[in-house]
Amino acid sequence: MKHTISKELIHFIDSSPSCFHAVKFMKDLLLQEQFIQLRENTKWHIQRGGRYFVVRNGSAIIAFTVPQQDFTGMRIMASHSDSPSFKIKENPELEAENHYIRLNVEGYGGMLCAPWFDRPLSIAGRVIIKNNETGNLESRLVDVDRDLVMIPSLAIHLNREANKGYSYNIQKDMLPLYGDISAKGTFLRTIADAAGIKEEDILGHDLFLYNRQKGSVWGASGEYISCPRLDDLQCAFASLKGFLTAPKQSFMTVHCVLDNEETGSATKQGAASTFLYDTLTRAYRSLHMTEEDYLIHLADSFMISADNAHAVHPNYTDKADPSNRPFLNGGIVIKFNAGQKYCTDGISAAMFRDICQKAQVPVQTFTNRSDMAGGSTLGNISNTRVALNTVDIGLPQLAMHSPYETAGTNDTEYLIKAAEKFFL
Ligand code: CO
C-alpha cells in the first residue's frame with residue numbers, strides 16, 4: 001500500500017516542476033472526477049450536492065463540495081503549491097569571459113543553497129503570450145524537461161576554506177551555467193520551443209529552476225522517500241486524496257492549495273489574500289445563504305493547515321525540542337508555538353487528535369526549542385481573513401527547503417487517512 005502511494009506521490013511531484021504545474025495537475029484530476037470549474041470573472045450558480053473548484057493566478061486552487069442536505073459548517077484543509085527555488089530574472093543572459101553564458105537569477109523563498117550545486121537542473125513555469133487572432137493575453141505552462149543548466153561548485157583547491165562554512169551570495173555564487181558563447185541570445189528561444197510558441201510572442205514569464213533528480217524510495221526496508229518539493233506537495237497530495245475519497249459529507253468540504261507561502265503569503269493568491277474568503281462567501285451567496293449563515297457556520301467549522309514539519313535529524317539531535325521529538329514514519333505532526341506562528345491551541349489540538357484517533361493514525365508533536373526561532377506557515381495568516389478553529393500540522397521531514405527533501409513512506413498514508421476522516 002505505502003509503495004503504491006509513494007509512487008503516486010512521486011508521479012504528482014514529478015509532474016509538478018512549478019506551482020503552476022502542481023495546480024494544473026490537481027485541476028485535471030478534479031475535472032476527471034466531474035468537478036465543475038468556476039471562473040472568478042463570471043457569475044456562479046452553485047447547486048446542492050455539487051462539486052466545484054476555482055483557480056486563481058494559475059498557482060492556487062480551491063475545490064469544494066456542497067452537501068445535498070442542510071449543513072452546519074465547513075471542513076477546510078489548506079496547504080501550499082510553491083517551494084523555494086531560483087527565479088529567472090528579466091534579461092537573464094550574462095556572459096563570462098566571452099566563453100560562457102550564465103543565467104541571472106534571484107532567490108524565491110528561503111532555500112538551502114549548497115544542495116543546488118553540481119546537479120542537473122531544468123526550468124519550468126509559465127509564459128504569457130499574445131494570441132494574435134483574438135488579441136488576448138494567454139498563459140502557457142512551460143517545462144524544458146531536460147538537463148539544461150548546472151551550478152558548478154568552486155573546486156576545493158581554489159577555496160581551501162570551503163568545508164569550514166561558507167556564506168552564499170546568490171548574485172555571485174548561484175548563477176547557473178546555461179551554455180558556451182554560442183548559446184548567446186538563445187534563452188528565450190529555448191523556452192519558446194519548449195512551450196511550442198514563437199519567441200517573439202512572449203510578453204512575460206515566471207520561470208524557476210528545478211532539480212531534475214527523480215523521487216526515490218530507499219532505506220533498509222524502503223522506509224524513506226526523497227523527492228524535490230515534499231514541502232508542501234506531500235501535504236497537498238494527501239489533502240486532495242482524502243478530499244476525493246471521503247465517502248459522504250455532512251459539511252461543506254474544502255481542499256485549498258495556496259501560493260507564495262515561501263515568501264510570506266502576501267499576494268493575491270496567497271493565504272493573506274481574499275481568495276479563500278471570496279470563494280466561501282460567493283458559494284454561500286450563490287446557495288442563497290446569508291452573511292449571517294456564513295458566520296454562524298464559520299463558528300462551527302474547522303481548518304487543518306497542513307505544511308511539513310521538522311523531524312529530529314539523526315546528526316543534529318540537539319536541534320530538536322527536548323520533549324517534542326517527531327520522527328519519520330512516526331505519524332502526523334501537530335505544531336505548537338506560544339507566539340502563534342502556528343495557530344494550534346488546546347482546542348484545535350484536541351479536535352485534530354480526535355480525528356486521528358478515529359482514523360487510527362499516530363500523531364506526534366513539534367515545537368521549537370525555546371532558544372531558537374522557528375519557521376512560520378499559512379494557518380495564522382489565513383485566520384486573519386477567515387477566522388475559525390485551526391490546527392497547524394505537517395508530515396515529518398528532513399532537509400526542509402533543500403531541492404531534494406526526505407520524509408517517511410508511511411506518513412503520507414497517515415495523512416490521507418486522517419484527511420478522509422476529517423472530510424467525512
Ligand atoms: Co512549507
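Listing for the model above:
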{"quantity": "Net charge contributed by nearby residues that have their C-beta within less than 11 Å of residue 356 (K/R +1, D/E -1)", "calculated": "+3"}
{"quantity": "Two-site label geometry, residue 171 and residue 347: point separation in nm, points 7 Å out along Cα→Cβ", "calculated": "4.9"}
{"quantity": "Distance between modelled label sites at residue 33 and residue 358, nm, 7 Å Cα→Cβ extension", "calculated": "1.8"}
{"quantity": "Potential extension, residue 100-residue 299 segment - 0.36 nm per residue separation minus Cα distance", "calculated": "65.7 nm"}
{"quantity": "Separation between Cα centres of the stretch 8-72 and the stretch 323-365, rounded to whole Å", "calculated": "27"}
{"quantity": "The stretch 108-171 versus the stretch 251-297: alpha-carbon centroid distance in Å", "calculated": "33"}
{"quantity": "Cβ-Cβ FRET estimate between residue 41 and residue 164, R0 fixed at 56 Å, reported to 0.05", "calculated": "0.50"}
{"quantity": "Estimated vicinal HN-Hα couplings, Hz - the stretch 323-329 in sequence order (Karplus 6.51, -1.76, 1.60; Gly, Pro = x)", "calculated": "10, 10, 10, x, 10, 4, 6"}
{"quantity": "Helix-only mean residue ellipticity at 222 nm for the chain, each DSSP H run of n ≥ 4 adding -39500 (n - 2.57), per residue, nearest 500", "calculated": "-8000 deg cm²/dmol"}
{"quantity": "Pairs from 87/214; 268/358; 172/268; 43/198; 24/268; 172/214 whose Cα-Cα separation, in the structure shown, is over 26 Å", "calculated": "268/358; 172/268; 43/198; 172/214"}
{"quantity": "Three principal axis lengths of the stretch 1-126 [C-alpha, angstrom, descending]", "calculated": "70, 42, 25"}
{"quantity": "FRET efficiency, 1/(1 + (r/R0)^6) with R0 35 Å, evaluated for residue 87 and residue 372 via beta carbons", "calculated": "0.75"}
{"quantity": "Spin-label model distance (nm) - residue 180 vs residue 153, 7 Å beyond Cα toward Cβ", "calculated": "2.6"}
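Every number here is computed from the coordinates shown, using simple stated rules; none is lab data. The structure displayed is predicted, hence computed values, not measured ones. As a convention, Cβ positions derive from the backbone with ideal geometry for all residues, glycine included, and neighbour counts pool all protein chains shown.
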